[in-house]
Amino acid sequence: MAETSPLLSEIKKLIASSGPMPVWRYMELCLMHPRYGYYVSRDPLGREGDFTTAPEVSQMFGELLGLWAASVWKAIGSPSMLRLIELGPGRGTMMADVLRAMRVVPPLYQALSVHLVEVNPVLREKQKSMLSAMRNIAWHDTIDAVPEGPCIIFANEYFDVLPIHQVVRRETGWHERVINFDSNGRLVFDAAEDPIPRFEVLLPPLVRAAPTGAVFEWRPDAEMMKLATRVRDQGGAGLIIDYGHMRSDAGDTFQAIARHTYTDPLKAPGQADVTAHVDFQALARAAEDVGARVHGPVTQGEFLKRLGIETRALTLMQKATAEVSGDISAALKRLTDPGRGGMGSMFKVLGISAPGLTSLAGLSDEKQAEGAER
């Protein structure tokens, strides 16, 4: 990756004119700057890109989500119209696999309209090519533009790229973490001069005793509350799949990935994918605050196993050559293994639904989830 980038000079100009930049604003510019933002003009996925998502690992992932969606549709009374919504759908790989699985239930497939929330024009074109056989499909810049109606929402690796706020603990209190540049013109982390008044009263219990130098990060609740409000009012369910932690705690997870390798997030803004881990306890709390029902979270490995991924893998392997069978076995391990290199425990799955939907396939009910937190 290059040592510099066009966006670097833009950011330094903004800092010179307006002062140190909050981490959330820096992350927002890195990803969504209208000219130089990482997600504005490129395909970041796959071997030739910077990272690989679960749908790119194996068709089994999307197929199981399609069957999961079918179970939700039946649970909400098999409505004659269903909005199938995906946030940040990548190349359309997952949605193609989801739809292939849903075809086995013709009344459901006939009820579908597909809605993809995507701002990247390069990826939109790839999605259109991938999903060219689907007639009832539309693209939107935000979920607000999706028509009303019963819905199923998928958000796979979506929340991790939403900008985070960070604060750092000093002896004088909690200060907003900011980006500045040093005497050599390099971007560096810094802290706002004045502490945030009475910030400690807003902190989760685990963070209140954090030592000097500790970092706490959070995302605003607005996006999660929007999804939860939709399923609460319109009926249906949503599935959030991402890497992150079960409990709200201190820790700096702001990171950058380029060419499948971790890199310095301040090195070449706009040239790498900058993300932060997802706080699933905070997501669940936001959904509950608006009256939606929360299911889970559970680890991705546990979720996929409950949905039958091991049986599905064996079925595919029985019909495959030895080489393809080996690929299927490797994909299964990557998706479910809790060890290093696997996605099984790092990734979590959280379900949200209308209050009357008391269970979702593959996910713990609320009492189980509460017990796990204790």
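Taken together, the values in this text are just the output of simple stated rules run on the coordinates, not laboratory data. Note that the structure is predicted; figures quoted are calculated from it, not measured. Cβ placement follows ideal geometry from the backbone for every residue including glycine, while neighbour counts extend to all protein chains displayed.
Between helix 59-75 and the chain there is an angle of about 70 degrees, using the helix long axis and the longest principal axis of the Cα atoms. Over the chain, dividing the summed -39,500 (n - 2.57) contributions of all DSSP H runs of at least 4 residues by the number of residues returns a 222 nm mean residue ellipticity of -10500 deg cm²/dmol. Helix 309-318 axis versus longest C-alpha principal axis of the chain: approximately 60°, rounded to the nearest ten. Peptides 275-286, 337-348 ordered by packing proxy, namely the average of other Cβ atoms within 10 Å per residue, highest first: 275-286, 337-348.
The protection proxy used here, the mean number of other Cβ atoms lying within 10 Å of each residue, ranks peptides 139-149, 224-234, 62-72 as follows, highest first: 62-72, 224-234, 139-149. Fewest neighbouring Cβ atoms within 10 Å first, the residues Ser58, Ser113, Ser183 line up as Ser183, Ser113, Ser58. Only alpha carbons enter this Debye calculation for region 259-301, each as an equal point scatterer, and the log10 of I(q)/I(0) it gives at q = 0.15, 0.26, 0.30 Å⁻¹ is -0.61, -0.89, -1.08. Derived scalar couplings between HN and Hα for region 157-169 equal 6, 10, 5, 5, 9, 6, x, 9, 9, 10, 10, 10, 7 Hz in order, rounded to whole Hz, by the Karplus curve 6.51 cos²θ - 1.76 cosθ + 1.60 (θ = phi - 60°), x for Gly and Pro. The share of C-alpha pairs in region 226-374 whose separation exceeds 27 Å stands at 37 percent.
Neighbour counting of Cβ atoms within 10 Å sorts the residues Ser129, Ser5, Ser17, fewest neighbours leading, into Ser17, Ser129, Ser5. Among 314-321, 237-244, 162-169, 115-122, sorting by the average number of other beta carbon atoms lying within 10 angstrom of each residue, highest first, gives 237-244, 162-169, 115-122, 314-321.
Translational diffusion coefficient of region 150-211 (Stokes-Einstein, Kirkwood radius from Cα pairs, 4 °C, 1.567 mPa s): 89 µm²/s. Cross-link partners for Lys305 among the aspartates and glutamates, with Cα-Cα distance under 14 Å and sequence neighbours closer than 8 places in the same chain left out: Glu63, Asp337. Applied to region 128-143, the Karplus parametrisation 6.51 cos²θ - 1.76 cosθ + 1.60 on θ = phi - 60° returns per-residue 3J(HN,Hα) values of 4, 5, 5, 10, 4, 7, 8, 7, 8, 9, 9, 10, 9, 7, 9, 5 Hz, with x for Gly and Pro. What the Cβ-Cβ distance of Asp194 and Arg124 gives, at R0 = 51 Å and to the nearest 0.05, is a FRET efficiency of 0.75. For q = 0.09, 0.14 Å⁻¹, what log10 I(q)/I(0) does the chain give under the Debye formula with an equal point scatterer on each alpha carbon and no solvent? Calculated log10 I(q)/I(0) at the listed q: -0.54, -1.28.
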